[in-house]
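Have a look at the structure below, then the notes.
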Amino acid sequence: MALLEVRDLRVVFQRRGTEPFTAVDGVSFDVDPGQTVGLVGESGCGKSVTSLAIMGLLPSRGNKVSGQVRFEGTDLLTLSDKDMRDRRGRDLGMVFQDPLSSLNPVIPIGLQVTEVLERHRGMSRKAAMVEAADLLGRVGIPDPQRRLSEYPHQLSGGMRQRALIAIALACRPRLLIADEPTTALDVTIQAQILALLKELVRDTGTALIMITHDLGVVAGLCDEVNVLYGGRVVEKAARYPLFADPRHPYTHGLLASIPRLDGARGEKLVPIKGSVADNIPWDHGCAFAPRCPNALPVCREVTPELEAGDVRSLRCHNPVLPGTPAAQEVPA
Ligand SMILES: Nc1ncnc2c1ncn2[C@@H]1O[C@H](COP(=O)(O)OP(=O)(O)O)[C@@H](O)[C@H]1O
Ligand code: SF4
Ligand SMILES: [Mg+2]
């Protein structure tokens, strides 16, 4: 049994006077301890809604969540709000894109860490201060003792994200969800935060769900990758086959649209044409058809199913042929 088993997760938003909107449409994946699983796709494909549903953080009104989110066999979707709050303090941690809005601006960083330690791990204030400094040090914040008394605005963006990771780690979560944790940071800091997450997963055995629109982030970090389009998984594979030989036209397009380190100077990046606004509903065929260079007439008539093969699962009537260029170097 995996640590987390997400099965057929579905989130439908229903506002009065509007058509129901299915943001997450039957998503399934597993995460094991010490494993990093990526959820990747353009903005609006349902990544954040998936993570909020797993964490029990979607608003209680105006949406319907179905399927299963089994954590060590317990379906989190069946737990009460109170039990879910306990879980979030104990087993589940989350790091968001924007550390400034996730940190409390009027409380010193140290207090925000010790608060978690006192509340969820029952530590005394004194012991919590020692542990907080240790945690800030572990996430690479220099001079942690001094930083404890500083406020979020006194820290740089990269340091704030480190502080947020320290707060998430304070509960020793067994599952950490990082939703675009480096999107707001510049490239150098981004690389440092990714290296930190990688190290934490390796050293603590924490399971990590990495959410990003950036395939470059996934390439260095994830063991397994789920590519999402229109709320559905369209391709699922281990990192190497996914990057070396992407078969779904959408994955292929995503790879062709990011710069390669080994690419020739001035090499043209090929963006995917159109936007998610062009989607057609999945029940009338393939949602990606209006943007897909491989589309056949059948694609607008028959909904493709996610078919599991030896190396990958694929939802496509006319996949890219193996070996078609656009494949990226896969970092070791
Ligand atoms: N509270 C909400 N009410 C209605 N629609 C929502 C809500 N939250 C997200 N959505 C819609 O669900 C889709 C998926 O959103 P999201 O998961 O945030 O995408 P992303 O992959 O960029 O994280 C989007 O079309 C978004 O507009
Ligand atoms: S099913 Fe058809 S339209 Fe959809 S991705 Fe595959 S080839 Fe393209
Ligand atoms: Mg998002």
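The values are calculated or read from the model by the stated rules, or taken from the named source; none is laboratory data. Just so it is clear, the model here is predicted, and its values are computed rather than measured. Glycine gets a Cβ as well: all are built from the backbone with ideal geometry, and neighbour counts include every protein chain shown.
Key figures
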item	result
All positions within the stretch 41-77 that are of a type in the set (S, T, N, Q) and touching a residue at least 24 places away in the same chain (Cβ under 8 Å)	SER43, SER48, THR50, SER51, ASN63, SER66, GLN68
Flag if GLN161 is at pLDDT below 90, surrounded by 24 or more Cβ atoms within 10 Å (Cβ to Cβ), away from ligand 2 (no atom under 16 Å from the Cβ) and in a helix (DSSP H, G or I)	yes
Residues of the stretch 175-199 that turn out to be within 16 Å of ligand 3 (Cβ to nearest atom) and surrounded by 17 or more Cβ atoms within 10 Å (Cβ to Cβ), as a count	8
All positions within the stretch 5-64 that are away from ligand 1 (no atom under 13 Å from the Cβ), of a type outside the set (A, V, I, L, M) and surrounded by 17 or more Cβ atoms within 10 Å (Cβ to Cβ)	GLU5, PHE29, GLN35, THR36, GLY56
Residue within the stretch 173-182 that is in contact (Cβ under 8 Å) with a residue 24 or more places away in the chain, in a helix (DSSP H, G or I) and away from ligand 1 (no atom under 16 Å from the Cβ) present	no
Positions within the stretch 205-224 being at pLDDT below 90 and more than 16 Å from ligand 1 (Cβ to nearest atom), in sequence order	GLY216, ALA219, GLY220
Subset of the stretch 29-40 (residues that are more than 10 Å from ligand 3 (Cβ to nearest atom) and in contact (Cβ under 8 Å) with a residue 60 or more places away in the chain)	PHE29, VAL31, ASP32, PRO33, GLY34, GLN35, THR36, VAL37, GLY38, VAL40
Selection within the stretch 3-28 - within 17 Å of GLY44 (Cα to Cα), of a type in the set (Val, Ile, Thr) and away from ligand 3 (no atom under 16 Å from the Cβ)	VAL12, THR22
Residue match in the stretch 125-135 (condition: over 21 Å from LEU197 (Cβ atoms), of a type in the set (Lys, Arg) and in contact (Cβ under 8 Å) with a residue 40 or more places away in the chain)	no
